[in-house]
Amino acid sequence: MQENNKLTTETAWPDRPQQFPPIMTPTEAAQFLRLDYTSHTPQSAKRTLDYWRNHGDLKGTKYARHVWYLKDQLEVFLKRKTEA
C-alpha cells in the first residue's frame, strides 16, 4: 500500500494556485511554466527545472537547503524562450 501512495504523490499534481506567489517552490514554478499541462509528472518537472538551472537558462534561489524560484525570473525565462 505504501508503494501505491508513493506513486500517487510522485505522479499527481496538486491543485493549481489561483494566484502564483512571488517566490515559488519547484512544483509551483513548474505549474507556472505550465509543465503540468505536458506529459511531465511533478518529479520529472523538477528534473527539467534543475536541468534548465544547471545549464544557466533559469535562475533559482538556494535557501535553507531548498531551491526556490522568483516569479520575476520565471517571467524573464519565458520571455527569453518566446523570443528565441
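Readers should treat all values here as calculations from the given coordinates under stated rules, not as data from a laboratory. Just so it is clear, the model here is predicted, and its values are computed rather than measured. Backbone-built Cβ (ideal geometry, glycine too); neighbour counts: all protein chains shown.
Remarks
- Once exposed loop trypsin sites (Lys or Arg not before Pro) are cut out (DSSP; at most 15 other Cβ, 10 Å), longest piece of the chain: 1-33
- Simple spin-label estimate for Asp50 and Gln18 gives 3.4 nm between the two label positions (7 Å along the Cα-to-Cβ direction from each Cα).
- The relative contact order of the chain comes to 30 percent, based on Cα pairs under 8 Å that sit 6 or more residues apart.
- Net length available on complete extension from Arg34 to Lys81 is 15.6 nm, with 0.36 nm assigned per residue and the Cα-Cα distance removed.
- Taken along its three principal axes, the alpha carbon spread of the chain comes to 45, 29, 26 Å, from the longest extent down to the shortest.
- Placing +1 on the Cβ of every Lys and Arg and -1 on the Cβ of every Asp and Glu, with nothing else charged, gives the chain a dipole about its Cα centre of roughly 260 debye.
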